[in-house]
Amino acid sequence: MTAALILIMMLAPAIAAATCVVVRRAQLAEILNLAASLIVAVTAVTLTVLSADGPRYFWNHYIVLDLTGAWVILCTGLVYLLASIFSVGYMRLVGENDRLWVFYALFAGFALTILLSAVMNNAGLYWIAIELTTLVSTFLVGFERGPESIEAAWKYIIIVSAGISLALLGTLFFYWAGSFVLGPTYDMTWEALRAAAPKMNPALAVLAFLLVLVGYGTKVGLAPMHAWLPDAHSESPAPISAMLSGALLNGAMLGIVRYLTIADAATVGSLARTALVAFGVASLLVGALFIVRQEGIKRLMAYSSVEHMGVIALGFGFGGPLGIAGAFYHMLNHSLNKSAMFFGAGNVMRACGSKEIAAIHGVWRRAPVMGPLWLAGAVAITGAPPFGLFLSELVILRAGLERGFAWATAAMAALLIVIFIGFLNHFRGMYFGDAESDASPLKVSAWCIAPMWLALAPLLVLGLWWPSGLWAHFVAVAHALAGVQP
Amino acid sequence: MLVTSLTPFAASIISLLAIVSLMLAFVMLGSRWLNNYLYAIAAESWVIAALSAAVGVVGHYPELYVIAALTALFRGVVLPWLIWRIIRRLNVAREIHEILQPSSALVAGALCVIFSLTVAYHVGQSLGLAGTVAVLALTVMLSMKLIGFLMLAVRHEALSQILGLLVLENGIFLGAQILVPGMPMLIEIVILFDLLIVVACFGMLVQYLVAHVGSTSSLDLKRLVG
């Protein structure tokens, strides 16, 4: 049953991508991708529920479905569905109808590679899946073929490839460290590494973990390795920005989390955590500085992603059941919320014909349906109640205090307040600017507004009320990961 | 553990091959002609193939012969050919505005090697492997990593950057052959293929750079800031 579901989840985007390449028609590609994303979203939710029974292995232990992986699958599936709905309306405006089949083929392929990375049970194959996500998404980032998008695509592939080659070195060192315990040839599954970890040489384990952290941290967009992120997020088409931010970053974060449990088992967890916390605070700081003085609307969202990845890194870095549960919850919240924000930014950008925040004004009056939604999203993403992000950030702050990271908790709280003010100040300008300006209504299609509703509604619900099943799931996730902590 | 059970002769052959590939990385650092980079990377790949075969012989790992053959074929022939095609299309023969003179780059490279040696020495000591090939392998691996990053940082032609990434990869691959020769073959083969796809993607992107940005120098990529 579970195996069949995983297979369906992989085959749906694979078949959609292959058919797009063969048929090469925009309309069909659109429908195929939408259908695939619907299948992925439904199976992803089901798999998340099924994953509560503990880890399950398939195909000679190459594939795993565990709580952590399933959570990333859930985020990816939901964002993929939302972005697919959105791109039906959005991509028709881009004016590349002849090449639209390429877009959808790559889009489905991109979703497939992220899902693959989440179920890989072998550290080497996980690395390859992450590398593949880069290769596929590079061409999505450069899809619009302007000088800016090609520049962004080039920076993206060079920086990320160089970064994750460090992760490969770290992976190799972990294998080497394990080979002292398990013999020269063994399958580098996560649990094999965890089992070997207590007897690993601590110096080698630290070196390996730091390499992996910097490597996958580049892909996650943790400062100071975030340089590619604002460019790629701001220059790609809006649905791809949402996928990059809401799905891809989580996929790479998963690697860090998995290696963190290995570092914990190797009794070098405290140093590993401190490093992760330091990267988290640095990301928040960079995010805050660039958000306050930002001029591009999508770059604003991109730096907000840097900030939120920092928050998630802090959650995992603090650790403990609270930190882990908060970080995972924040992952889902951020995925949904940031998708809605990028959709709104894309809509406004297309309607106003500019990427500059200064050129956007009077959104409140000119977009009576989308305007309030986007503003609600902005309030949510800065961590204001009653949305889910308030809750998850609060949980992470509490975890920081409980686990003795007072300085990081204080820095996090202060920077979140700075970001709250800076971020919403931009929205004040865009919504309630000078009154005599152009008041023509912004045209936004229903395809482009519907996914914003779909993303924000669960955020509001989860901010106010938690079903008991979800609560139980989080307790299970936190204990599964926290169980191997010192 | 292979590295502790080598005969002096085997150890010196492996050391020699590792050092030759490090030297070839320096050839790239000291030149400003793209063709030289290409020859150096091709030669380095052949040296690594020879190293795989040598480790296969002394460590009795027959699957390493397959890896050696594939390395020679893919890294030594197909990859250089792909890159040669890109160079031919580009009309760029050399680095024009060096950020760092080749001579200064060589000195910087030497500093990288010294740093790597220090790290490798300490790791080797804590593992009880001081004085074995492992320390040399670690040194070469880390220095090639740093030299690759140095190339990425101080060279700005698109092709130099691709080749810088290949130096990074070569370093890891070389270290893997010596330190963990028993690594499952599947992984190594997938990584080899992965590299081909990477370079193919780079090739396509370079063409876009020419067509849409009008330059292959990263110094001209300055539209996106802040």
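The values are calculated or read from the model by the stated rules, or taken from the named source; none is laboratory data. Being a predicted model, the structure only gives us computed values, none of them experimental. In this analysis, Cβ positions are derived from the backbone assuming ideal geometry, glycine residues included, and neighbour counts consider all displayed protein chains.
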Original post:
If you scan region A:417-459, which residues turn out to be crowded, with 20+ Cβ neighbours inside 10 Å and of a type in the set (A, V, I, L, M)?
Top reply: A:ILE419, A:MET430, A:VAL444, A:ILE449, A:MET452, A:ALA455, A:LEU456, A:LEU459
Original post:
Can you tell me which residues in region A:319-352 are touching an Asp or Glu at 6+ places or on another chain (Cβ under 8 Å) and either free of Cβ contacts under 8 Å to residues at least 12 places away in the same chain or not small (Gly, Ala, Ser) (or both)?
Top reply: A:LEU322, A:HIS330
Subject >> Out of A:THR43, A:THR19, sole residue that is within 20 Å of the chain's Cα centre (by Cα), at pLDDT 90 or above and β-branched (Val, Ile, Thr) >> reply: A:THR43
Original post:
Restricting the search to region B:148-163, which residues are more than 8 Å from every other protein chain (Cβ to nearest Cβ) and among the small types (Gly, Ala, Ser)?
Top reply: B:ALA153, B:SER160
Subject >> Checking A:LEU300 against (1) more than 26 Å from A:VAL45 (Cα to Cα); (2) free of Cβ contacts under 8 Å to residues at least 60 places away in the same chain, the condition it does not meet >> reply: (2)
Original post:
Any idea which of (1) surrounded by fewer than 24 Cβ atoms within 10 Å (Cβ to Cβ); (2) under 30 Å from A:ARG350 (Cβ atoms); (3) at pLDDT 90 or above is the one A:ALA153 doesn't satisfy?
Top reply: (1)
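Residues being of a type outside the set (Asp, Glu), outside any loop (DSSP other than H, G, I, E, B) and out of contact with any helix residue (DSSP H, G or I) (no Cβ under 7 Å at 6 or more places or on another chain): count how many of those fall in region A:43-95.
Start the filter on region A:43-95 by keeping residues that are of a type outside the set (Asp, Glu), which leaves A:43-52, A:54-65, A:67-95.
Still in the running and outside any loop (DSSP other than H, G, I, E, B): A:43-52, A:56-58, A:63-65, A:67-94.
In the following step, the residues that additionally are out of contact with any helix residue (DSSP H, G or I) (no Cβ under 7 Å at 6 or more places or on another chain) were identified as A:49, A:57, A:92, A:94.
The number of residues fulfilling the criteria is 4.
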Original post:
When you scan region A:219-276 for helices (runs of 4 or more DSSP H) that lie fully inside it, which ones turn up with 1 or more residues that are of a type in the set (Phe, Trp, Tyr)?
Top reply: A:228-235, A:249-265
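Would you call A:LEU132 touching a residue at least 12 places away in the same chain (Cβ under 8 Å) and surrounded by fewer than 23 Cβ atoms within 10 Å (Cβ to Cβ)? Show your work before the answer.
Values: touching a residue at least 12 places away in the same chain (Cβ under 8 Å): yes; surrounded by fewer than 23 Cβ atoms within 10 Å (Cβ to Cβ): yes.
Here the answer is yes, as A:LEU132 does meet what is asked.
Inside region A:297-406, counting only helices (runs of 4 or more DSSP H) that do not spill past its ends, which hold 2 or more residues that are within 14 Å of another protein chain (Cβ to nearest Cβ)?
Details: elements: A:297-318, A:320-352, A:363-366, A:370-381, A:388-402.
The qualifying helices (runs of 4 or more DSSP H) are A:297-318.
Having 1 or more residues that are within 14 Å of chain A (Cβ to nearest Cβ) and buried (at least 21 other Cβ atoms within 10 Å of the Cβ) is the bar; report the helices (runs of 4 or more DSSP H) wholly within region B:1-75 that clear it. First the steps, then the outcome.
Numbers: elements: B:8-30, B:34-59, B:63-70.
Passing ranges, in order: B:34-59, B:63-70.
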Original post:
Within region B:213-224, which residues are facing another protein chain (nearest Cβ under 9 Å) and touching a residue at least 60 places away in the same chain (Cβ under 8 Å)?
Top reply: B:SER218
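Out of B:ILE86, B:ILE114, I need the residue that is part of a helix (DSSP H, G or I), out of contact with any His (no Cβ under 7 Å at 6 or more places or on another chain) and at pLDDT below 85. Which one?
Values: B:ILE114 fails: at pLDDT below 85.
Exactly one of B:ILE86, B:ILE114 is part of a helix (DSSP H, G or I), out of contact with any His (no Cβ under 7 Å at 6 or more places or on another chain) and at pLDDT below 85, namely B:ILE86.
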Original post:
Checking B:ASP194 against (1) within 25 Å of A:THR189 (Cβ to Cβ); (2) more than 9 Å from every other protein chain (Cβ to nearest Cβ), which test does it fail?
Top reply: (2)
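Answer yes or no: is there a residue in region A:220-227 that is at positive phi and either free of Cβ contacts under 8 Å to residues at least 60 places away in the same chain or of a type in the set (Ser, Thr, Tyr) (or both). Explain how you work it out, then say what you get.
So the first thing to find is which residues in region A:220-227 are at positive phi, and the list is A:221.
Filter once more, so that each one left must be either free of Cβ contacts under 8 Å to residues at least 60 places away in the same chain or of a type in the set (Ser, Thr, Tyr) (or both): none.
Within region A:220-227 (the criterion being at positive phi and either free of Cβ contacts under 8 Å to residues at least 60 places away in the same chain or of a type in the set (Ser, Thr, Tyr) (or both)), the answer is no, since none of the residues qualifies.
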**OP:** Quick one: in region A:174-190, of everything that is more than 7 Å from chain B (Cβ to nearest Cβ) and in contact with a Phe, Trp or Tyr (Cβ under 9 Å, 6 or more places away or on another chain), which residue is nearest to B:LYS222 (Cα to Cα)?
**Re:** A:PHE174
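Would you mind stating whether B:VAL92 is out of contact with any His (no Cβ under 7 Å at 6 or more places or on another chain) and either without any contact (Cβ under 8 Å) to a residue 12 or more places away in the chain or not in a helix (DSSP H, G or I) (or both)? Step through it out loud before you land on a result.
On the way: out of contact with any His (no Cβ under 7 Å at 6 or more places or on another chain): yes; either without any contact (Cβ under 8 Å) to a residue 12 or more places away in the chain or not in a helix (DSSP H, G or I) (or both): yes.
The answer is yes for B:VAL92.
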**OP:** Tell me, yes or no, whether region B:132-147 has at least one residue that is surrounded by fewer than 22 Cβ atoms within 10 Å (Cβ to Cβ), within 19 Å of B:GLY76 (Cα to Cα), more than 7 Å from chain A (Cβ to nearest Cβ) and of a type in the set (A, V, I, L, M).
**Re:** no
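Pick from region B:109-125 the residues that are without any contact (Cβ under 8 Å) to a residue 60 or more places away in the chain and away from chain A (no Cβ under 14 Å): which of them is surrounded by the most Cβ atoms within 10 Å (Cβ to Cβ)? Write out each step before concluding.
First, pick out the residues of region B:109-125 that are without any contact (Cβ under 8 Å) to a residue 60 or more places away in the chain: B:110-112, B:114-125.
Keeping just the survivors that are away from chain A (no Cβ under 14 Å) gives B:110-112, B:114, B:117.
Values: B:ALA110: 14, B:LEU111: 13, B:CYS112: 21, B:ILE114: 10, B:LEU117: 17.
Of everything passing the filter in region B:109-125, B:CYS112 is surrounded by the most Cβ atoms within 10 Å (Cβ to Cβ).
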Original post:
Name the residues in region A:128-145 that are within 23 Å of A:LEU93 (Cβ to Cβ), more than 7 Å from every other protein chain (Cβ to nearest Cβ) and of a type in the set (Gly, Ala, Ser), would you?
Top reply: A:SER137
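Of all residues in region A:135-163, count the ones that are more than 12 Å from A:ILE240 (Cα to Cα) and part of a helix (DSSP H, G or I).
Start the filter on region A:135-163 by keeping residues that are more than 12 Å from A:ILE240 (Cα to Cα), which leaves A:135, A:145-163.
Restricting the remaining residues to those that are part of a helix (DSSP H, G or I) gives A:135, A:147-163.
Of the residues in region A:135-163, 18 are more than 12 Å from A:ILE240 (Cα to Cα) and part of a helix (DSSP H, G or I).
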Original post:
So, in region B:153-212, of the ones that are acidic (Asp, Glu) and touching a residue at least 60 places away in the same chain (Cβ under 8 Å), which residue ends up surrounded by the fewest Cβ atoms within 10 Å (Cβ to Cβ)?
Top reply: B:GLU188
